[in-house]
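Input: a single structure, listed below in structure tokens.
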Amino acid sequence: MTRSINDYQSKLGKPNWCAGCGDFAIDMAIKQALAQLDYNPDETAWIGGIGCGASAPYWTSCYGVLTLHGRPVPFATGVKLANHKLNVLAWSGDGDAYGIGMGHFIHAVRRNANIVYIVGNNTVYGLTKGQASPTSQKGCISPSTPFGAPDPDVNPIALAISAGGSFVARGYAGNLPHLTNLIKQAFEHKGFALIDIIQPCVTWDKIKGYAYYQDKTYVLEESGHDPSDKDAALKRAYEQPEKFPIGLFYQEERDVYEDTQPQFENGPLAKHDISNIDINPLFEAYTA
Ligand code: SF4
Ligand code: MG
């Protein structure tokens, strides 16, 4: 069966992002990738946190959940563990992923459950009017840092590689075909796949728009980079802020979390027969 992006659009409405927002390209790239992979929307779960882009599950026909700030990754991991036959995608912004959700992020990377994590990284808290975020560069002027951000920025690519990431990539909302292909690769990877995406916030960041990144990005796949070379990947990760390579920095095969759990030997938990399980003794033991 051949699907199109229309199969993944919600009939309830369209995204309300600002005109020119990078989220439109990310949303389109995800839906194009799902269509090209011929994934059934009924077998695909799309989890969002809090943030402009993270609200995307509103506008898809896939199963969707908006969960707490910083929590889409643990929620998506839970979905995957309940039914590991589902295709599971989580979408955060940079604040959601690397601020409020930082602890979950690191542990999810090393745990390596088979989910795709998209982070729209615009280096500001866009939804709440442009405050500095964990990926804002030191010195960045914003409503919350009128004298310049005091802290150095988080480098998500270097962080994910060092935490044991098995698929670490960067996309760019200004290069839709490349981003679509990257998301397809992420779904085909067995393990936790991070795609940090440069996603200009055209409303609150008047400096780092598309023109700023156009000359700073280059495609890793066209540069002779070997994604199995961890040292080379880290070196590329530290090219920012002068250069922002896009593409697959690092990939390796290692144990996938759900494959190591004996509970799944008889299929997804969601399909197990629970009609003969009596939990009353458990309740009685803890409520007596
Ligand atoms: Fe996009 Fe920024 Fe508008 Fe949010 S505030 S929708 S991130 S342009
Ligand atoms: Mg942001």
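Computed from the coordinates by the stated procedures, all read-outs in this text should not be read as laboratory data. Everything numeric here is computed off the predicted structure, so don't read it as measured data. So basically every Cβ, Gly included, is an ideal-geometry build from the backbone, and we count neighbours across all protein chains shown.
Looking at Pro241, Pro262, Pro281, can you tell me which residue is touching a residue at least 24 places away in the same chain (Cβ under 8 Å) and not aromatic (Phe, Trp, Tyr)?
On inspection, the qualifying residue turns out to be Pro241.
Of all residues in the stretch 27-53 being over 19 Å from Gly130 (Cβ atoms) and among the β-branched types (Val, Ile, Thr), which is surrounded by the fewest Cβ atoms within 10 Å (Cβ to Cβ)?
Thr44
Of the residues Ser144, Ser166, Ser133, which single one is surrounded by 19 or more Cβ atoms within 10 Å (Cβ to Cβ), more than 29 Å from Arg254 (Cα to Cα), of a type in the set (Gly, Ala, Ser) and out of contact with any Cys (no Cβ under 6 Å at 6 or more places or on another chain)?
Checking each option against the conditions leaves just Ser133.
Can you say whether Tyr63 is surrounded by fewer than 24 Cβ atoms within 10 Å (Cβ to Cβ), over 24 Å from Cys18 (Cβ atoms), in contact (Cβ under 8 Å) with a residue 12 or more places away in the chain and aromatic (Phe, Trp, Tyr), as far as the supplied structure shows?
yes
Checking Pro150 against (1) surrounded by fewer than 18 Cβ atoms within 10 Å (Cβ to Cβ); (2) within 25 Å of Gln261 (Cβ to Cβ), which test does it fail?
(2)
Rundown of residues vs (1) within 23 Å of Ala233 (Cβ to Cβ); (2) in a helix (DSSP H, G or I), yes/no style:
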residue	(1), (2)
Gly95	no, yes
Tyr98	yes, yes
Ile106	yes, yes
Tyr117	yes, no
Lys138	no, no
Pro150	no, no
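I'd like the full set of residues that are within 16 Å of ligand 1 (Cβ to nearest atom), of a type in the set (Phe, Trp, Tyr) and farther than 17 Å from Gly191 by Cα, limited to the stretch 46-104.
Once the filter is applied, which keeps residues that are within 16 Å of ligand 1 (Cβ to nearest atom), of a type in the set (Phe, Trp, Tyr) and farther than 17 Å from Gly191 by Cα, the stretch 46-104 yields Tyr58, Trp59, Tyr98.
Quick check on Tyr218: is it crowded, with 18+ Cβ neighbours inside 10 Å and aromatic (Phe, Trp, Tyr)?
No: the conditions fail for Tyr218.
Suppose the filter is touching an Asp or Glu at 6+ places or on another chain (Cβ under 8 Å) and surrounded by 13 or more Cβ atoms within 10 Å (Cβ to Cβ); does Lys208 pass it?
No, not satisfied.
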